[in-house]
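Student: The structure under discussion is supplied below as structure tokens; questions concerning it will follow.
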Amino acid sequence: GLDRAGRSLVEAALDGAEQVVGPLAQARALVIGAGSMSALAATTLHRLGLGSIAVANRTPARAERLAGAVGGTWLGLEEPGALRAALAEADVVVSCTGAVGAVVDAELLSAARGDRAATRPGPLGAAPQLVVDLALPHDVDPAAGELPGVELVGLDALRRRPARTRGSAAVPQV
């Protein structure tokens, strides 16, 4: 049943994004992964009118295909430093890969936020970021949510918002 709840999960995760990152038309998004949930996330971000969308995946052809579908750009996760640079640019990050370990650890995101402070300054050094982790197991190290200026939303947080995730009875089971 989780796949039927996918749309509401992505929308619920992005609920309040403007309060974190400002107007979505000016926001930059990064989608990590290129599977069905990533495609849903990218499509939802596109429909919400985000200023730009980048797609990162370990298989560049899949990233390129998904990015093309939403008028975005793509990058391969195998490129050294590419993920860090993309994280530094992104206002909204949605990660949903099939990886068995963290794709975005706190150290990587902290380094990216340091880079971000130079190009996109904010009140906490770098402009705020919304990081959404829709993967099982987690793609984003939970410690990343403790970084100043980072709002981390994962499946655990979405489980506690039943009114916003209608039709997602499978979330607590997951």
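Student: Calculate, in whole percent, how much of the Cα-Cα pair population of segment 1-85 lies beyond 23 Å.
Tutor: Of all Cα-Cα pairs in segment 1-85, 22 percent lie more than 23 Å apart.
Student: Quickly estimate the mean residue ellipticity at 222 nm for the chain, helices only: each DSSP H run with n ≥ 4 gives -39500 (n - 2.57), and the total goes over all residues, rounded to 500.
Tutor: -10500 deg cm²/dmol
Student: Can you list the residues of segment 78-94 with backbone N under 11 Å from a point 7 Å past the Cα of D115, pointing along Cα to Cβ?
Tutor: 80-90
Student: Now for a different question. Note the listed values (1) 16.3, 47; (2) 14.7, 43; (3) 14.6, 40, then indicate which one is Rg and Dmax of the Cα atoms in Å calculated from this particular structure.
Tutor: (2)
Student: Additional query: Only Cα pairs under 8 Å and at least 6 apart count here; give the relative contact order of the chain as a rounded whole percent.
Tutor: Computed over the chain, the figure is 25 percent.
Student: Just how large is the dipole of the chain about the Cα centre, in debye to the nearest 20, putting +1 at every Lys and Arg Cβ and -1 at every Asp and Glu Cβ?
Tutor: About 540 debye.
Student: Looking at W74, L9, V92, which one has the Cα that reaches farthest to the positive end of the dipole of the chain (charges on Cβ: Lys, Arg +1; Asp, Glu -1)?
Tutor: L9
Student: How much of the DSSP bridge set in the chain is antiparallel, in percent, rounded to the nearest 5?
Tutor: 5
Student: Using only the heavy atoms of the protein chains and a 1.4 Å probe, how would T97, T44, T119 rank by accessible area, largest first?
Tutor: So the residues, ranked largest to smallest area, are T119, T97, T44.
The values are calculated or read from the model by the stated rules, or taken from the named source; none is laboratory data. Please read these numbers as outputs of a predicted model, since none were measured by experiment. For neighbour counting, all protein chains shown are included, and Cβ atoms are generated from backbone atoms with ideal geometry for every residue, glycine included. When the accessible area is computed, the model is the full protein with side chains, heavy atoms only, and any ligands, DNA or RNA have been set aside. Shrake-Rupley method; radii C 1.70, N 1.55, O 1.52, S 1.80 Å.
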